[in-house]
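Novice: Take this structure first; my questions come after.
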Amino acid sequence: MNKIKKHSMKKNLLIVLNILFVCFTVHSSYGQGSRYTGSYIKSSTIQHVGKSNFVIEGLEFTSNDRDLIVLYSCENVVIKNNSFVASPAKRGIYLDNCKNITIIDNTFDNVHTGLVAHNSRGIKFEYNDVKNVGGPMKEEDKNNGFVALFDKVNGEGNSISYNVSENIFGQSSPGDLINLNQSNGTAQSPIVVKGNWIRGGGPSPSGGGIILGDIGGSYQVAEDNIVVDGGQYGISIAGGHDIALRNNKIYGSKNYFTNVGLYACNWYEENLGKSYNITVAGNVVNYRNKEGNISNWWYASNVEPVSGKETNRYDPALSPSILPEQIIGRARMSVEPQPEPDPDEKPDDIVLDPSISIYKDTFDRICANCKGSISSSASLSVLNQNGQKILSIPIIGYHTTIDNPIPSGTYTVMVENDARLQIKKIVIN
């Protein structure tokens, strides 16, 4: 860009910023699921033993006779931007005795299970799309599928967050979609299950959306998740200690396998000991059991006292619309999805480049989506009410999120991608 164009852009930018400080609107959107919009190269299945510091990227896997990616005793691996398809009897990714594995921006469609991580540490399963797990529908609890199963995953830095799962009834056989089994975080770094969107579960008589403390465990948190018709239950604690369910939304309509929206019970007390430091707080539920009765929550006496249980709320207005109609593959949509607008919300007055959208997601994080090519100098910046830049991060792909907490206030957010520019006013609550 020549100097004249740069000067003109900066001048126009100052004008736009001044306008925005006087008049602005706030608009929310979403940041869950895979953000990858590129192509894939077909690949055979992959297995590595004792290998470190590598990336598996941009591949498409399918197999009827073996798991698609298997890692034994591997460290410092990134698995990103891959597609796992048409493997209803096999796991997409299996990890055993691994450390520091990041699985991000992948798509799983008709695999038995997205991820099983066994006896591992530092596992992150984030921003993935997972559709129709478990293979053909089964009525009993035999070999049902998972979105992600942490089995004896321990230590710091473990997360199952910002994923999207949809299971179409009759085309899938899900069990516990997200399951933390015999897994332990730390007091400073609990295992985090955050910001996932789950729609569809059943008919397993015991499966559901998210279960923590399965066969014990400790230092686990499930927060800011949305579960719609997740199965026999919505979100639960099955044992362990120092475990919390916070600020989740759970909706369930009557079905022949539905039981309870949210529960906490130590099923393993006789063998594993008592539960303590259990928190269930700030959750909003509207769930009907198989008789059609409201069945929002249940707390067993062997997990009492349950901290925060008085803050959970039944909302009869809660409906399936807490999730958008399309939740899988939203990054590839030609039109950016938007939630239902607030009644008093007005459309943006200023749109500088329609290929860039800036928004605040449901977790009060500032996000930006950039379609098309990304410049090496592309950036997302946050300015305070005095016009001072308080934060700037690079943009390296379609979706960018500011994960660091930002104090409450009114901010101007600016995205620059070469000659393309977008600006928006955002209020952080």
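The values are calculated or read from the model by the stated rules, or taken from the named source; none is laboratory data. Remember, predicted model here, so these are calculated numbers, not experimental data. Glycine also receives a Cβ, built like all others from the backbone with ideal geometry; neighbour counts cover every protein chain displayed.
Novice: Within the stretch 173-207, work out how many residues are among the small types (Gly, Ala, Ser) and on the phi > 0 side of the Ramachandran plot.
Specialist: Final tally of qualifying residues: 3.
Novice: Taking the options 217, 202, 239, 213, name whichever one is more than 19 Å from residue 117 (Cβ to Cβ) and modelled with pLDDT of 95 or more.
Specialist: The match here is 239.
Novice: Would you tally the residues in the stretch 98-115 being surrounded by fewer than 22 Cβ atoms within 10 Å (Cβ to Cβ), within 24 Å of residue 143 (Cα to Cα) and hydrophobic (A, V, I, L, M, F, W, C)?
Specialist: Matching residues across the stretch 98-115 total 0.
Novice: What residue, among those in the stretch 348-364 that are closer than 28 Å to residue 323 by Cβ and surrounded by fewer than 19 Cβ atoms within 10 Å (Cβ to Cβ), is modelled with the lowest pLDDT? Break it down into steps so the answer makes sense when it comes.
Specialist: At the first step, the residues of the stretch 348-364 found to be closer than 28 Å to residue 323 by Cβ are 348, 351, 354-364.
Next, only the ones that are surrounded by fewer than 19 Cβ atoms within 10 Å (Cβ to Cβ) stay: 348, 351, 354-355, 361-364.
On the way: 348: 40, 351: 44, 354: 81, 355: 85, 361: 79, 362: 71, 363: 75, 364: 79.
Applying the filter and picking the extreme gives 348.
Novice: Determine, yes or no, whether residue 153 is under 19 Å from the mean Cα position of the chain (by Cα) and within 15 Å of residue 106 (Cβ to Cβ).
Specialist: When the stated conditions are applied, residue 153 does not pass them.
Novice: Among the residues of the stretch 64-72, is there at least one that is polar (S, T, N, Q) and more than 15 Å from residue 129 (Cα to Cα)?
Specialist: Yes, the stretch 64-72 has at least one match.
Novice: Still on this structure, I have one more. Tell me, which residue of the stretch 245-256 that is more than 10 Å from residue 287 (Cα to Cα) and in contact (Cβ under 8 Å) with a residue 40 or more places away in the chain is farthest from the chain's Cα centre (by Cα)?
Specialist: Once the filter is applied, the top-ranked residue is 256.
Novice: With the requirement that a residue be within 23 Å of the chain's Cα centre (by Cα), within 18 Å of residue 116 (Cβ to Cβ), without any contact (Cβ under 8 Å) to a residue 40 or more places away in the chain and not in a strand (DSSP E or B), what does the stretch 49-99 give you?
Specialist: Answer for the stretch 49-99, where residues must be within 23 Å of the chain's Cα centre (by Cα), within 18 Å of residue 116 (Cβ to Cβ), without any contact (Cβ under 8 Å) to a residue 40 or more places away in the chain and not in a strand (DSSP E or B): just 98.
Novice: Go through the stretch 150-159 and give me each residue that's touching a residue at least 40 places away in the same chain (Cβ under 8 Å) and either buried (at least 20 other Cβ atoms within 10 Å of the Cβ) or not assigned by TED's automatic domain parsing to the domain that holds residue 102 (or both).
Specialist: Selection gives 150 alone.
Novice: Still on this structure, I have one more. Would the stretch 130-148 turn up any residue that is assigned by TED's automatic domain parsing to the domain that holds residue 208, within 17 Å of residue 36 (Cβ to Cβ) and not small (Gly, Ala, Ser)? Explain how you work it out, then say what you get.
Specialist: Taking the stretch 130-148 first, the residues assigned by TED's automatic domain parsing to the domain that holds residue 208 are 130-148.
Right, trim to within 17 Å of residue 36 (Cβ to Cβ) and you get 130-131.
With not small (Gly, Ala, Ser) added as a condition, the list becomes 130-131.
Yes, there is a match, as at least one residue in the stretch 130-148 is assigned by TED's automatic domain parsing to the domain that holds residue 208, within 17 Å of residue 36 (Cβ to Cβ) and not small (Gly, Ala, Ser).
Novice: Can you tell me which residue in the stretch 393-425 is nearest to the chain's Cα centre (by Cα), limited to those that are of a type in the set (Val, Ile, Thr) and farther than 24 Å from residue 34 by Cα? Steps first, answer last, please.
Specialist: So the first thing to find is which residues in the stretch 393-425 are of a type in the set (Val, Ile, Thr), and the list is 393, 395-396, 400-402, 406, 410, 412-413, 415, 423.
Checking the rest, the ones that are also farther than 24 Å from residue 34 by Cα come to 406, 410, 412, 423.
Numbers: 406: 20, 410: 26, 412: 26, 423: 26 Å.
Residue satisfying both the conditions and the ranking: 406.
Novice: Quick one: which strands (runs of 3 or more DSSP E) sit completely within the stretch 255-314 and have at least 1 residues that are surrounded by 14 or more Cβ atoms within 10 Å (Cβ to Cβ), in the same structural domain as residue 215 (by TED's automatic domain parsing) and of a type in the set (S, T, N, Q)?
Specialist: By residue number, 278-281, 284-287.
Novice: Here's something else I'd like to know. Here are 243, 327: which of them is under 21 Å from residue 197 (Cα atoms), assigned to a loop (DSSP other than H, G, I, E, B) and not charged (D, E, K, R)?
Specialist: Sole residue among the options that is under 21 Å from residue 197 (Cα atoms), assigned to a loop (DSSP other than H, G, I, E, B) and not charged (D, E, K, R): 327.
Novice: Among the residues of the stretch 123-137, are any more than 18 Å from residue 198 (Cβ to Cβ) and either of a type in the set (Phe, Trp, Tyr) or surrounded by 24 or more Cβ atoms within 10 Å (Cβ to Cβ) (or both)?
Specialist: yes
Novice: So residue 147 clears everything in (1) of a type outside the set (Ser, Thr, Tyr); (2) within 16 Å of residue 227 (Cβ to Cβ); (3) surrounded by 17 or more Cβ atoms within 10 Å (Cβ to Cβ); (4) more than 19 Å from the chain's Cα centre (by Cα) except one condition, right? Which one?
Specialist: Of everything listed in (1) of a type outside the set (Ser, Thr, Tyr); (2) within 16 Å of residue 227 (Cβ to Cβ); (3) surrounded by 17 or more Cβ atoms within 10 Å (Cβ to Cβ); (4) more than 19 Å from the chain's Cα centre (by Cα), residue 147 misses just condition (4).
Novice: Then there's this: Would you tally the residues in the stretch 366-401 being surrounded by 19 or more Cβ atoms within 10 Å (Cβ to Cβ), without any contact (Cβ under 8 Å) to a residue 60 or more places away in the chain and among the hydrophobic types (A, V, I, L, M, F, W, C)?
Specialist: The total comes to 6.
Novice: Which of (1) farther than 15 Å from residue 125 by Cβ; (2) modelled with pLDDT of 95 or more does residue 194 not meet, given it meets every other one?
Specialist: For residue 194, the exception is condition (1).
Novice: Filter the stretch 315-324 down to residues that are touching a residue at least 40 places away in the same chain (Cβ under 8 Å) and in a helix (DSSP H, G or I) and give me whichever is farthest from the chain's Cα centre (by Cα).
Specialist: Of everything passing the filter in the stretch 315-324, 320 is farthest from the chain's Cα centre (by Cα).
Novice: Right, another one. Filtering the stretch 75-94 down to residues that are hydrophobic (A, V, I, L, M, F, W, C) and under 20 Å from residue 58 (Cβ atoms), which residue is surrounded by the fewest Cβ atoms within 10 Å (Cβ to Cβ)?
Specialist: The qualifying residue surrounded by the fewest Cβ atoms within 10 Å (Cβ to Cβ) is 86.
Novice: Please indicate, with yes or no, whether at least one residue in the stretch 205-220 is of a type in the set (Gly, Ala, Ser), within 16 Å of the chain's Cα centre (by Cα) and surrounded by fewer than 24 Cβ atoms within 10 Å (Cβ to Cβ).
Specialist: Looking for residues that are of a type in the set (Gly, Ala, Ser), within 16 Å of the chain's Cα centre (by Cα) and surrounded by fewer than 24 Cβ atoms within 10 Å (Cβ to Cβ), one finds none in the stretch 205-220, hence no.
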